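The values are calculated or read from the model by the stated rules, or taken from the named source; none is laboratory data. Small disclaimer: the values here were computed from a predicted structure and weren't measured. All Cβ positions, glycine included, derive from the backbone under ideal geometry; neighbour counts span all protein chains shown. With ligands, DNA and RNA removed, areas are computed over all heavy atoms of the protein, side chains included. Shrake-Rupley method; radii C 1.70, N 1.55, O 1.52, S 1.80 Å.
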Amino acid sequence: MSVELRSARLVIRPIVTADIPAFVAYRRDPEIARHQSWSTEYSATDAQALVDGQPRTSVPSAGEWVQLGLHARDAAVGSSALMGDVAVGADPHQPDTYELGVTLAPAHHGQGYAREALDAVIDWLMERQGAHRIVMQGDARNAPVLALMRRLGLRHEGAIVEGDWFKGAWSTLERFALLDREWRESRER
Ligand SMILES: CC(C)(COP(=O)(O)OP(=O)(O)OC[C@H]1O[C@@H](n2cnc3c(N)ncnc32)[C@H](O)[C@@H]1OP(=O)(O)O)[C@@H](O)C(=O)NCCC(=O)NCCS
């Protein structure tokens, strides 16, 4: 059974074939791809393979990723077109541990959508899926994602300094995390 989450402005659900044109368009943007695992050559065929490989369960099993698409709730504000996505990966080695990634199409930057979507996904994982720990990481040069992780209230765990050979250079990864008890404490405050 597939998940559908709602926040104040968004509907969040696994991406499907109809989302592919918008998904490919923003993945091919050089600014969007700069710190991400794909390149500007990302194709509709790549996207279809990703859609076809989406887990059928609402939450990914160990080692699996699900790509949740973000859509405007209010069609008058935007449309049902894909605005961005949140990737949820289940740690292959540790139970109840998830990694998140986020991407927004450039037209939707600077409006709080990434924060809103990640808040909803974190609440879902903690409240409904029994998550123990949620992690995110970002390239040290990727200022918007570092600011976002801080805004979300994630705890900075450290940096893997020049530990990642990425697109032809050593890069530093900043790692952030949130435990279930930290999430509960933040709700009570
Ligand atoms: C990472 C990324 C999603 C962050 O996007 P973002 O637009 O900066 O983040 P948000 O959607 O949370 O928006 C926050 C901004 O909206 C502003 N904002 C405007 N209206 C708002 C509202 N109603 N509610 C909340 N914030 C609002 C905030 O003040 C903030 O502005 P600031 O950056 O000037 O401080 C985006 O830069 C991106 O897609 N990058 C490429 C992909 C990537 O590298 N991803 C990281 C891999 S994990």
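Looking at segment 16-39, I want the residues that are among the hydroxyl-bearing types (Ser, Thr, Tyr) and have a partner that is within 8 Å of the ligand (Cβ to nearest atom) and open to solvent by 60 Å² or more (accessible area, probe 1.4 Å) with Cβ atoms under 7 Å, at least 6 apart or on another chain. Which pairs are those? Listed pairs, sorted by first residue: TYR26/PRO106. Flag not set for ASP139, criterion: within 14 Å of the ligand (Cβ to nearest atom), among the charged types (D, E, K, R) and farther than 18 Å from THR103 by Cα. The numbered conditions (1) free of Cβ contacts under 8 Å to residues at least 24 places away in the same chain; (2) open to solvent by 20 Å² or more (accessible area, probe 1.4 Å) are all true for ALA87 except (2). Residue count for segment 3-48 under the criterion of being in contact with a helix residue (DSSP H, G or I) (Cβ under 8 Å, 6 or more places away or on another chain), part of a loop (DSSP other than H, G, I, E, B) and over 16 Å from THR103 (Cα atoms): the result is 6. Pick from SER37, SER58, SER2, SER43: which is among the small types (Gly, Ala, Ser) and within 13 Å of the ligand (Cβ to nearest atom)? The unique qualifying residue is SER37.
Go through LEU154, LEU148 for me and flag whichever is in contact with a Lys or Arg (Cβ under 9 Å, 6 or more places away or on another chain) and either of a type outside the set (S, T, N, Q) or away from the ligand (no atom under 14 Å from the Cβ) (or both). Explain how you work it out, then say what you get.
On the way: LEU154 fails: in contact with a Lys or Arg (Cβ under 9 Å, 6 or more places away or on another chain).
Only one candidate passes the filter, namely LEU148.
Here segment 168-189 is the region considered, the condition is being at pLDDT 95 or above and among the basic types (Lys, Arg), and the residue that is surrounded by the fewest Cβ atoms within 10 Å (Cβ to Cβ) is ARG181. Scanning segment 116-163 for residues being open to solvent by 20 Å² or more (accessible area, probe 1.4 Å), more than 18 Å from GLU174 (Cα to Cα), in contact with a Leu (Cβ under 8 Å, 6 or more places away or on another chain) and without any contact (Cβ under 8 Å) to a residue 60 or more places away in the chain gives a total of 1.
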